[in-house]
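The values are calculated or read from the model by the stated rules, or taken from the named source; none is laboratory data. None of these values were measured; they are calculated from a predicted model. Ideal geometry is used to build each Cβ from the backbone, glycine not excepted, and the neighbour counts take in all protein chains shown. Quick note on the areas: whole protein, heavy atoms, side chains included, nothing else; ligands and nucleic acids left out. Shrake-Rupley method; radii C 1.70, N 1.55, O 1.52, S 1.80 Å.
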Amino acid sequence: MKLLLLGPPGAGKGTQAHRLMARYDIPQLATGDMLRKEVANGSELGRAAARIMERGDLVCDDLIMAMIAGRIDREDCRNGFILDGFPRSAAQAEALDTMLSSRSSDLDRVIEIGVDDDILVSRITGRFTCRACGAGYHDVFCRPRESGVCDFCGARDFDRRADDNEETVRSRLAVYHRQTAPLLPYYASRGILVTVDGMAAIDKVTEQILAALPTPSAIDSDDGRPLE
Ligand code: AMP
């Protein structure tokens, strides 16, 4: 299953990716998370990306492609992957097509998680994630069952993103509408786009996505064997 989750910042792509990973035994490939790791490590790429991310602009395509190239060939992608936050521009979508077609492969589904802009700002400015497993939470809408403890892995360390402030969020939304939303008609014309209502409750969004996807047992792995 090669899946792309598209939607504005705060739509819930990471939350839904996290739920789909275990079900399909595929990893989430989130370019934002990869970039934040580079920034935390102080790598050359991280230093180049940090200021751009603080502004909410897009990191240049060459850096993104260098980061993602080879990632889909790793062993954990044998059953596919969930792309989250990539591609974000027409140039990146074309580069992804080239990368996949050179492996005689293609995306199976593109899921658009639609959410109105006006509720995204309040969603984003209260969110935090588990530092150990990446599970997403929110101060108001989705608190851990036990305060300060991750529901999934029991860790007690959480992160809040530097770019989850109102000013940067508004700029990220503008960038989404200008550069990423134009990919929607492109994938619709290929018949692989499904739009779900991202304003529904989290479980309902998951249900809508699962309804749009083949069941895990119906998917063949890249080497043609049915999955266990
Ligand atoms: P995200 O975690 O997906 O919201 O991404 C956080 C920030 O990382 C974005 O606002 C961009 O600055 C940068 N970023 C993440 N993915 C990409 C991408 N595919 N292309 C360019 N910039 C990206």
Unpaired by the 4.7 Å Cβ criterion, cysteines found in the chain: CYS60, CYS77, CYS142
Residue of ARG103, ARG78, ARG36 that the Gaussian network model of the chain assigns the largest fluctuation, springs spanning Cα pairs under 10 Å: ARG103
Cα gyration tensor shape for the range 128-185, rounded if a/c is under 1.5, else prolate or oblate: prolate
Segments 13-20, 56-63 sorted - mean Cβ within 10 Å per residue, highest first: 13-20, 56-63
Mean separation of Cα contacts under 8 Å (6+ apart) over length of the range 1-149, as relative contact order %: 38 percent
Carbon and sulfur %, accessible surface of the chain computed with the full protein complex present, 1.4 Å: 49 percent
Over the range 1-63, relative contact order from alpha-carbon pairs under 8 Å, at least 6 apart, %: 16 percent
Alpha carbon centroid spacing (whole Å) that separates the range 23-73 from the range 151-203: 16 Å
Reachable aspartates and glutamates, given that their alpha-carbon falls under 16 Å from the alpha-carbon of LYS13 and they are not under 8 places away in the same chain: ASP33, ASP84, GLU112, ASP116, ASP117, ASP164, ASP197, ASP203, GLU207
Value of [θ]222 nm, deg cm²/dmol, for the chain, DSSP H segments ≥ 4, -39500 (n - 2.57) each, nearest 500: -12000 deg cm²/dmol
For the chain: accessible area per residue (Å², 1.4 Å): 51 Å²
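Shape call for the chain from the C-alpha gyration tensor, a ≥ b ≥ c root eigenvalues: rounded (a/c under 1.5), prolate (a/b greater than b/c) or oblate? Intermediate results must be reported in sequence, preceding the final value.
Details: a/c = 1.35, a/b = 1.16, b/c = 1.16.
It comes out rounded by the Cα gyration axes.
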